[in-house]
1. Of all residues being away from the ligand (no atom under 16 Å from the Cβ) and exposed (fewer than 15 other Cβ atoms within 10 Å of the Cβ) in the stretch 3-15, which is nearest to residue 201 (Cα to Cα)? Just the residue, please.
2. Quick one: which helices (runs of 4 or more DSSP H) lie wholly within the stretch 145-252 and hold at least 1 residues that are within 16 Å of the ligand (Cβ to nearest atom), in contact with a helix residue (DSSP H, G or I) (Cβ under 9 Å, 6 or more places away or on another chain) and over 20 Å from residue 88 (Cβ atoms)?
3. For the list (1) assigned to a loop (DSSP other than H, G, I, E, B); (2) more than 18 Å from residue 241 (Cβ to Cβ), I need the number of the one condition that residue 14 fails.
Ligand code: 13P
């Protein structure tokens, strides 16, 4: 049995003051929901305040990225140990980082190995662009991103990895994938690669989230699929009632 998992990726939204305001309104409501792992991922600048506010609660904290090196001359970057001081989780390889900031399967893999060393739980994102989807390349893209991004870690760590399937065409567009399509990608493309990498037993323990225009209206349908273990939520994670409803749906 895999415990459901819902993470809110706030992307580049919310100042420190706004983070404080949103978490004040949200944490109490999230605390009432059990049976699901809950995580929020505010911008780096607000992580310290968020860590303070989430201390002692059942709501986890994640960063949206990190560097793989332990320290040094990497202006503007944050090291795994720095992230670990505040967070238990880190999002790696989000499509926006792949598209705008040169993230590749190779850098995702370096960061994953660094996450293992630092003791962070990674949420590794994979997903095809609209052009790749229309060209019928989903399977090729998603299996290759999963295989290259997730190689070279211990099997003990592997079972802690969370994978997020986020088709780029569904992110922020209001056009979510159908639950059946997402199930097919999770069950027939991603999980078989996890089996190939880590063996069937561990592959069955790895949570695979769906992300891309998840709302309180469509969440339950995604979560009814056998290989959809939760969601990585963007826009709706900035709204208290919507995010709470999505987390509730995952807990059922
Ligand atoms: P939306 O939920 O806004 O489509 O964003 C999804 C996403 O990219 C989460 O990482």
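1. Per the stated criteria, the residue is 3.
2. 179-184, 219-223, 240-251
3. Against the list (1) assigned to a loop (DSSP other than H, G, I, E, B); (2) more than 18 Å from residue 241 (Cβ to Cβ), residue 14 comes up short only on (2).
Read the figures in this text as sums done on the coordinates, not as results from a lab. Because the structure is a prediction, the values reported are computed rather than measured. FYI the Cβ positions are ideal-geometry reconstructions off the backbone, even for glycines, and counts take in every protein chain you see.
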